[in-house]
Every structure is written in structure tokens, then in C-alpha cells.
Amino acid sequence: MKIKDILNNEKITVSFEVFPPKQWDKIEKTKATVREMAAYNPSFMSVTYGAAGTTAGFTEEIAREITECGITPLAHLTCLTSTGDKIESVVRKWQNDGIENILALRGDIPEGFVFPDKQYYEHAYQLIRKIHSIGDFCVGAACYPEIHPESSSRVEDIDHLKEKTDCGVDFLTSQMFFDNTVFYNFREICAIKGINVPLIAGIMPITSARFLEKSVKLSGCSLPKKFESIVERFGSDDNAMLHAGIIYALDQIIDLLANGVNNIHIYTMNKPLIAKKITEELAGIINGQK
Ligand code: FAD
């Protein structure tokens, strides 16, 4: 099923993101994680793509497992380190395997990376055009409520987002954010700019202070005082932080739903407990409204 149809048919969607392993011998473990999470019946599940493009087969294998669980998969694809020909062969293979939904991304530029030549795509909009030239796919893309770290201004960032969306984007999934006001402002700017595709809010439950240091601060997301206090108070106690992080995420989600944001994507970090807790707590709130 195409994700654009799910977004049109279900009033509220809650989807999960998983990442594939880095080594093939861990694939069965990741598949078991997928099965555990699929049991919570998300609207769809996305599977990320290795930054250097070396693990396309892993993404495909996990997407297949998601399908076998009866859930619609969304396969991420990055273009930074692949030629147009390589992209074409991956997309055609996915097409033959029945993958209908692709999140088209550029990928992060590794330090010192220089674009080799014109056979490589510098931006996601080129990948989006390429995917549409190959077949009938539902294509999503990334957006950044706090602007992409490489953009020098909001104006520049939103102009590029508009250009990207006009290339045939069916929905946008946001980078994580911890202050919902940031997302509401971004939603308004998109509407003013005429970016009218569904916006899916990306929510990252922070379950350890170490993870916060490593990933979130690098992404450039701002942290509200309320969240920093939680980390200061509970960050040194893994169990307390795990539960506080999930409760903070739930609080964000409830506020988003109350403010008319109906599409929520959970960055699960392959932790079934996150999927379980969020699904269970939201069940009473959203089931009557789907
Ligand atoms: P783009 O849309 O190309 O934008 C990148 C930058 O270039 C922005 O600053 C933009 O304003 C600018 N830009 C765009 N078009 C132009 C233009 N025509 N001229 C000049 N500048 C332009 N990474 C992975 O490696 N694997 C994943 O699976 C993955 N999944 C992700 C999922 C989500 C929801 C998000 C938010 C990010 C994900 N990423 C993933 C990270 C992503 O690849 C990086 O954030 C990357 O730096 C930008 O990708 P993009 O597709 O947004 O790029």
C-alpha cells in the first residue's frame, strides 16, 4: 500500500522507524526486533539506509520482513555516495520486490568529501526526480523544523524545501524536535510557502543521557529547559531516564495531537519497549479517533 493513501485514510497515524544492522550476521536479531514492534500495529514502518550506501541489501531485507509482518514498509534511500546508475539499479530491484514507498534523502556529507563528478547527486531533489523517472513510487522526503544545519537561513532552507517538494514529494517527515512550538511555527511557514503535503512529526524518545550527548546535540536540535532539567535530574540513572524520556515523548505527542498534528513518526532506536509504551499509552486516546 502507498503511504500517501494511509495518510489520507487514517485520521491519526503512528509509525515506527528502525535501522538495519551494520553486519549481515546481526540481520536475524534486527528481524526479531521488527516482528516485536510490528505486533503493536503501527500505520507503517520505515527502515533507514546506511550513510555510505553500502547496506542497500540490508535495508531491503528489513523492508521485506516488515511486509511479511503485514505492515507497509518505507525504505530510506540516500544518494550522496552513489552514481545515478547505482541508484537506478537499487530502485529497480526494490520495484521488483514490491517496495512502493521510498524516503528520498541526500545523506550527511562526510568530512572532507568532495563530489566526484556530475554522475553523483548533490541534493535530494535530484534523487526524487530519478525515482519518479523509474516507476510509480510514493516518495517522501526529510524536513527540518529548526532548519538544516548546512542552511545559512530559514529563507534559504524553505526555498530548497519548496523546490524539493515540487519535484513530486508525497509527504515530509521531520527531523526530531523537543519543543513543539518549533514544529507549529514550521507548519505555518510551510503553509505560507505553499508546501501542502502531509507533514509527519518525527519524535525521538531520549532514553539515555549518553545518547543525547552523542546524537542529538550533533543534529543541532535545541533542548528546552524542561527537557534539560529532566536529563540533569535523571540522566545518571539509566532506568529512570528511560521512563522519563518516554513520558516526555508522550507528552509531546499528546500536545501535537491536540493541536491538529495527526501524523507521528517514532524514532524507536530499535527498542521494542519504546514502541510498546507509546502504543499502549496512546491506545485509549487515539483508538476512538482513527
Ligand atoms: P537535501 O534536501 O538535499 O538538503 C540538504 C541541504 O542542502 C539543506 O541545507 C538544503 O537547504 C540544501 N539544498 C537543497 N537543495 C539545494 C539546492 N538546489 N541548492 C543548494 N542547496 C540546496 N541519513 C542517512 O544516511 N540515512 C537515512 O536513512 C536517513 N534518514 C533520515 C530520515 C529523516 C526523517 C531525516 C530528517 C534525516 C535522515 N537522514 C538519513 C539524514 C539526512 O540524510 C541528512 O540530514 C542530510 O544532511 C540531508 O538530507 P536531505 O535529504 O534533507 O538533503
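No value in this document is a laboratory result; all are computed from the given coordinates. Only a predicted model underlies this, so the values are computations on that prediction, with no experimental measurement involved. Backbone-built Cβ (ideal geometry, glycine too); neighbour counts: all protein chains shown.
Work out the charge dipole of region 1-136 with +1 on the Cβ of Lys and Arg and -1 on the Cβ of Asp and Glu about the Cα centre, then indicate which of Pro116, Pro20, Ser133 is farthest towards its positive end.
Most positive-ward Cα: Ser133.
Calculate for the chain the 222 nm mean residue ellipticity that helices alone would give, adding -39,500 (n - 2.57) per DSSP H run of length 4 or more and normalising by residue count, nearest 500 deg cm²/dmol.
-14000 deg cm²/dmol
Provide the FRET efficiency to the nearest 0.05 for the Glu188-Thr54 pair, computing r from the beta carbons and using R0 = 51 Å.
Given R0 = 51 Å and the Cβ-Cβ separation, E is 0.85.
Once both labels are modelled 7 Å past Cα along the beta-carbon direction, what's the Asp136-Trp24 spacing in nm?
3.4 nm
Can you give me the long-range amide H partners of Ser82? Hydrogens built in the peptide plane at 1.01 Å from N, cutoff under 5 Å, separation of 5 or more residues or another chain.
Correct list: Tyr121.
Once you list every other residue whose beta carbon is under 12 Å from the beta carbon of Asn259, what net charge do they have if Lys and Arg are +1 and Asp and Glu are -1?
Cβ neighbours under 12 Å give a net charge of -1.
Please compute the modelled spin-label separation between Arg210 and Gln119, points set 7 Å along Cα→Cβ, answer in nm with one decimal.
Modelled inter-label distance: 4.1 nm.
Can you list the residues, at least 5 places off or on another chain, whose amide H is less than 5 Å from the amide H of His265, using H built in the peptide plane?
HN-HN under 5 Å from His265: Ser15, Ala201, Gly202, Ile203.
So what J values fall out for region 116-128 if you push phi through Karplus, 6.51 cos²θ - 1.76 cosθ + 1.60 with θ = phi - 60°, rounded to Hz, Gly and Pro as x?
x, 6, 5, 6, 9, 9, 8, 9, 4, 4, 5, 5, 4
With springs only between Cα atoms under 10 Å, which of Ala141, Ala104, Ala209 fluctuates most in a Gaussian network model of the chain?
With Cα springs under 10 Å in the chain, the top fluctuation among Ala141, Ala104, Ala209 is at Ala209.
Return the percentage of antiparallel bridges among DSSP beta bridges fully within region 3-288, rounded to the nearest 5 %.
Percentage antiparallel, nearest 5: 5.
If you plug each phi of region 166-174 into the Karplus form 6.51 cos²θ - 1.76 cosθ + 1.60 with θ = phi - 60°, what whole-Hz ³J(HN,Hα) values come out, in order, with x for Gly and Pro?
Once θ is set to phi - 60°, the couplings for region 166-174 become 5, 7, x, 9, 8, 6, 10, 9, 8 Hz.
Provide Asp159, Asp25 in ascending order of the number of other Cβ atoms located within 10 Å of each residue's Cβ, fewest first.
So the ranking, lowest neighbour count to highest, is Asp25, Asp159.
Under the 0.36 nm per residue contour assumption, what length would be gained going from the current alpha-carbon distance of Thr83 and Ala39 to full extension?
Taking 0.36 nm per residue and subtracting the Cα distance, the gain is 12.1 nm.
Could you check the spin-label model distance between Val155 and Asp108? Points 7 Å from the Cα along Cα→Cβ, value in nm.
My value for the distance between the label points is 3.0 nm.
How big is the dipole moment of the chain about its Cα centre under a simple scheme where the beta carbon of each Lys and Arg is +1, that of each Asp and Glu is -1, and everything else is neutral? Debye, nearest 20, please.
220 debye
Mind listing the phi-derived Karplus ³J(HN,Hα) values for region 282-287, rounded to whole Hz, using 6.51, -1.76 and 1.60 with θ = phi - 60°, and x for any glycine or proline?
Running phi through 6.51 cos²θ - 1.76 cosθ + 1.60 with θ = phi - 60° gives 7, 3, x, 7, 9, 4 Hz.
Residues with amide H under 5 Å of Leu74's amide H, sequence separation 5 or more or different chain, H placed in the peptide plane at 1.01 Å from N; which?
The answer is Met45, Ser46, Val47.
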